[in-house]
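Let me begin by presenting the structure, written as structure tokens, before commenting on it.
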Amino acid sequence: MRRRQLIAAVISVVLTSCLGHHPERQTDVSDREVQVLLAIAAKTDWEALGFSPLPSSGPVRMYTKTRFSRGPSDSNDVGLFVEGDNWSRDWYFDRVGDSHVLVCAGETFKGPRTWQRPALNGGRPYREFVYLSLIERQSGACGAGKERGLHAVYWGPEGIRSVEPAEILRLRAEFQRLSAPRVESDAGGV
């Protein structure tokens, strides 16, 4: 019985590698490979573009394309993902020679309010958010159909709309203000 389980495990690993699935591993920002990729990402002034600073600690999910991948050509070689309570961040890299290059990055800021529109999300309620992305180069799934540069969309009460970079900071500050703990006064008001 144990031999069958071992054979099944080996077959699963081989098929996963050959079919192009991207193995995920949980790691930490201090991981050497993550540090190398974040150093590449640090060449961009993220905060000036409206993004959060690069993480200096915490867990990271990392996806890597295997050497034997024959899967979809629309996938990048490495992806890094970090999450907080009200935000998430991702970076995608492609291998060029012996190094990696940043292809694109994105960040989602979640707002405190929930909306419902018949034409969005199958008519189900959705939480407002801003998705900010920077397309450095078209590659794989990154930036499909989009030009290089900064892009931002807001899912809010009026549905989905593009937002200008200046509005990103305003929405982010509003989300933080509305999400902050509120203290009621003795008079019963807020």
(request) Starting from residues that are at pLDDT below 90 and surrounded by 16 or more Cβ atoms within 10 Å (Cβ to Cβ), keep the ones in segment 50-65 and report whichever is farthest from residue 26 (Cα to Cα). (result) 50
(message) Any residue that is at pLDDT below 85, closer than 26 Å to residue 149 by Cβ and of a type outside the set (Phe, Trp, Tyr) - is there at least one of those in segment 104-118?
(response) no
(message) Based on this model, can you work out whether residue 16 counts as assigned to a helix (DSSP H, G or I) and modelled with pLDDT under 90?
(response) yes
(request) Filter the strands (runs of 3 or more DSSP E) completely within segment 76-136 down to those with at least 2 residues that are loosely packed, with under 14 Cβ neighbours inside 10 Å. (result) 87-96, 99-115
(request) Inspect segment 161-169 for any residue being aliphatic (A, V, I, L, M), in a loop (DSSP other than H, G, I, E, B) and at pLDDT 85 or above and give the result as yes or no. (result) yes
(message) Among the residues that make up segment 23-46, is at least one of them over 17 Å from residue 136 (Cβ atoms), modelled with pLDDT under 80, touching a helix residue (DSSP H, G or I) at 6+ places or on another chain (Cβ under 9 Å) and surrounded by 11 or more Cβ atoms within 10 Å (Cβ to Cβ)?
(response) yes
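The values are calculated or read from the model by the stated rules, or taken from the named source; none is laboratory data. From a predicted model like this one, the values you see are computed outputs, not experimental measurements. As a convention, Cβ positions derive from the backbone with ideal geometry for all residues, glycine included, and neighbour counts pool all protein chains shown.
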